[in-house]
Amino acid sequence: TLFIDEICELSLSLQTKLLHALESGTIRRIGGNEHINIDVRIIAATNRDMQCMVAKGQFRQDLYYRLSAFPIPIPPLRNRQEDIIALAEHFLASLPKGKRHIPLPSEVINKLQEHDFPGNIRELRNTIERAVILACDDSLAPAHIVLEDGNTFSNGQEKARQSIEHLIQRRGRLTEQMVLNALTQCDGHRACAAKLLHVSERTLYRHIKQLRID
């Protein structure tokens, strides 16, 4: 079984190759001449309207029919508020060692359940990860939950950035624990950590130098 996430992001050329592999039951390695038989079941996922993409010529109709034999529609997170707690706890449990036992206070749960989450589960996961970075300890508060505006992505990002900047101003600066938490979650990648903290890479580098973090 092969799971392909966000299948609609495949280019038309890759869609053609995938369709050929499914119909012929064979593949050929890059640079090779030998055809290899395959026996594979495809499970594909997307958050886009595939029928609309087919109508616009952005997704192959024949591949769409090949993949849509048994569709399983999943309601958006805004229609599954009862799942938010379980998902948030799952994301907390998957954090690096030392951050696994952070409880979810009722005030935090209420704030999460009042949000529509236009970005669905990815947005919830990012919200939880960012909250842990901002908390710096084992206690979450509503102020650590930075939610994006559902009107537009850019407006939501700006709102999130301003909320985090306000929290940083209250503390005086990015704390060492904030930076370390972000770097840990990003496996040391500074560009990723800066994105999580909603600060520029230059700002993050300056704080790393000031805090003397290796």
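The values are calculated or read from the model by the stated rules, or taken from the named source; none is laboratory data. Note that the coordinates shown come from a computational prediction; the quantities given were computed from them, not determined experimentally. Because the Cβ atoms are built from the backbone with ideal geometry, glycine has one as well, and the counts that use them run over all protein chains shown.
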Inside segment 45-60, the number of residues satisfying the requirement of being closer than 22 Å to E123 by Cα and touching a residue at least 24 places away in the same chain (Cβ under 8 Å) is 5
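Show me the helices (runs of 4 or more DSSP H) entirely contained within segment 1-98 in which 2 or more residues are in contact with a strand residue (DSSP E or B) (Cβ under 8 Å, 6 or more places away or on another chain) and not assigned by TED's automatic domain parsing to the domain that holds I109.
Numbers: elements: 12-24, 50-55, 61-67, 84-93.
Where helices (runs of 4 or more DSSP H) fall fully within segment 1-98 and carry at least 2 residues being in contact with a strand residue (DSSP E or B) (Cβ under 8 Å, 6 or more places away or on another chain) and not assigned by TED's automatic domain parsing to the domain that holds I109, they are 12-24.
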Given the structure, is S139 surrounded by fewer than 17 Cβ atoms within 10 Å (Cβ to Cβ) and modelled with pLDDT under 85? yes
Of everything in segment 11-44, what is out of contact with any helix residue (DSSP H, G or I) (no Cβ under 7 Å at 6 or more places or on another chain), touching a residue at least 40 places away in the same chain (Cβ under 8 Å) and within 30 Å of N120 (Cα to Cα)? Give them in sequence order. L12, T16, R41, I43
Looking only at segment 147-162, decide whether some residue is among the β-branched types (V, I, T), assigned by TED's automatic domain parsing to the domain that holds N126 and modelled with pLDDT of 50 or more. no
Every listed condition ((1) in the same structural domain as D187 (by TED's automatic domain parsing); (2) of a type in the set (S, T, Y); (3) surrounded by 14 or more Cβ atoms within 10 Å (Cβ to Cβ)) holds for S106 save (3)
List the residue pairs whose Cβ atoms are under 6 Å apart, where the first residue sits in segment 125-147 and is outside any loop (DSSP other than H, G, I, E, B), the second is polar (S, T, N, Q), and the two are 6 or more positions apart or on different chains. E129/Q185; I133/N181
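Quick one: which residue in T184, T203 is modelled with pLDDT of 70 or more and in contact with a Pro (Cβ under 6 Å, 6 or more places away or on another chain)?
On the way: T203 fails: in contact with a Pro (Cβ under 6 Å, 6 or more places away or on another chain).
Selected residue: T184, the only one of T184, T203 that is modelled with pLDDT of 70 or more and in contact with a Pro (Cβ under 6 Å, 6 or more places away or on another chain).
With respect to I74, determine if the residue is β-branched (V, I, T) and within 28 Å of L180 (Cβ to Cβ). Please lay out each step first, then the result.
Numbers: β-branched (V, I, T): yes; within 28 Å of L180 (Cβ to Cβ): no.
Spelling it out, it is not the case that I74 is β-branched (V, I, T) and within 28 Å of L180 (Cβ to Cβ).
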